Structure formats: structure tokens, C-alpha cells
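Every number here is computed from the coordinates shown, using simple stated rules; none is lab data. Owing to the predicted nature of the structure, the values given are computational and were not obtained by experimental measurement.
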Amino acid sequence: MTAQGRSDLAIETSGLSKRFASHAAVDAIDLAVPSGSVFGFLGPNGSGKTTTIRMLLGLATASDGWMRVLGVDLPGRLSSVLPRVGALVEGPAFYPFLSGAANLSRLDSADRYAPRSTRRQRVDRALERVGLTHAAHKKVHAYSLGMKQRLGIANALLSPRELLVLDEPTNGLDPQGTREVRSLVASLAGEGTTVFVSSHLLSEIEQMCTHAAVMSAGRLMAQGTLDELRRAGRVHARLQTPDAATAREILTARGLTVESAGTLDDTVVATLPDAASPDSVAAEDIVAALVRGGVRVRGFSIDGASLEDRFVELTGEGFDVAE
């Protein structure tokens, strides 16, 4: 099935689904990945991220729906779009007793679009971009997990790419390696490459991406810029007072939902109505009502939703915030 696509999107799907018997691993998702973005595909392990990527790359057949990558309908014209796409999916696999450079050379030779005469230059440049020049001639079995991950990214960068798809790209990397990958992704985006990053790490998405989508149990829960996702979340009022019980009554009467009224730190947390935004709330009116009611206000703030708050709200699950 095909449909009229949007020229400003690097990846577009409609009703994309993948079923295994009665189980929907991916359930009718409508993705819209803007060209030139660094797009975070976020969700807990098992939420359908890798299955979606495998369909986009022609590694799995969709059960229903349609998809378009770089303006090309898939899977019918897969061979015409794959040379424009670099990918690292489900971890890299290499010949362990060949060097990193030799592995990349063999992989490059399998690309019928890659000229043999410039193979050495492509391999050297890819290794340099991921910080592995010093280990170019070391056998891969002696590489750390993080080095193997970077070698996998180097393989995806052997030829110029319009779209780079990275599945858990910082898996196994130390903090320095993680920073290097973020810097690499930023430089690629600066050159006009669209980067699609799948991750279960909230911190990775926040520091690397301009846009994001949230998956949960095979369904696409939300997508947009990071700011749009934050603004769509619930707004909270935080109050410090020794008069928690009275404060609860007053806040409830004003349409707020009190989530907690702690006794240890005297903090009351309440959720504002769904239509509220941090800029639309008259905090002074709430404080004035509390004071009139005899509540001793020691501190008060209105907080917009963090990405973590928003993701938990959407999925009902916690997200890892660090490796």
C-alpha cells in the first residue's frame, strides 16, 4: 500500500504494524521524522523499537501499513534507498581475528556502489571519525565492547549517508566514549544527515536529540520536538508548608489534584488541570488563597513536566536515566 508522502520527512509511516501470531510487536504506528533532525526513538526494552527499525531497513516484513524512507516507498524500492542509509542495529558483528581496518575493508568491498580505488581512504576516514585510528590494526577480538560499538558506527559511515540509523549506539561505552558518540552525531547532523537514534536511556535522548518519539508495548504514544513533549505533560505545583492537611483542602477546591502531602519535608505536590501550562498559571493567586486559608507558605513553585515525567505519564513505566 502506498500513499502521498511529505517531502520534509526522512522517515514516514502510517499504520505500520508487525504481528507475531496474535501478538502485535508494533501496533499501527504513524512516525514522522523530519529531515535533518536528530530523532530519538525512546522506550523501554521490548517496546517495539528494534522491530520498527528492522522493518524500515527491510530486515523484517511489515504485517500492515506503509512506510517511506528518504522519499522512497518501501519495501518495493528498497535497493534504491539502502545505499543512502547507514545503520547499526542490534550490535556490531565482525571477524574477530581480523583487524578493525581489515573488517571495514571487507565490509566496504561488499558494497557494489563503493569504488575500490578509494576504499583505503574511506576506511581510514571512518576510523578517524569514531576515534579508532590508534586501534586500526589491532585484531577485533582484543577490542573492548565500546570499541566494537564504535567500529560498528564506523561501518555505517564508510560512505556518505543521508540517513543514519543507530540502535542503542552508546551501549557498552564509557562516559568518554558516550561523549564522543554524541559529538559525532552532532557533527553528522550539522552536515545535513538525518540521525535516527533508538535508545532506552532518557539522558541520551535529552543530550543528543532535537525530536523524539515514545514507544510503549508496541504503540507510539507521542512524538514531536523535545519542548513539545515537555509542554504536553502535566504541570505541578510544589508547596512547602507545615499545614499540609489544610493546604490539600484549598488546592483541591481550586481544581488541583494533590498527589502527595509529605510529613518528612513538609512538601505538598499537586497536579494542575490538563489544559494548564507553567506560563498560564497565576501562582500568586494560589499562594494568596493558601495564606487566606491560614496556610503557612515557606516555599511555592510551578514546574512544567520534565521529559522523565512525561514518559512515565505516557507509558506507566520508569525509564533508565543513565547507563
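Numbers for the structure displayed
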read-out: Computed Kirkwood radius, in angstrom, where 1/r is averaged over Cα pairs of the stretch 57-113; value: 13.6 Å
read-out: Cα-based Rg and Dmax for the stretch 57-164, where Dmax is the largest Cα-Cα distance (Å); value: 15.1, 46
read-out: Nearby lysines by direct alpha-carbon distance to K139 (threshold 23 angstrom, same-chain neighbours under 8 apart not counted); value: K148
read-out: Per residue, the convex hull volume that the Cα atoms of the chain enclose (Å³); value: 166 Å³
read-out: Rounded to 10°, Cα long-axis angle of helix 100-109 versus longest principal axis of the chain; value: 70 degrees
read-out: Of P96, P83, P34, the one that fluctuates the most in a GNM where the chain has Cα springs shorter than 10 Å; value: P96
read-out: Helix 283-292 axis, angle to the chain major axis (alpha carbon atoms, nearest 10°); value: 30 degrees
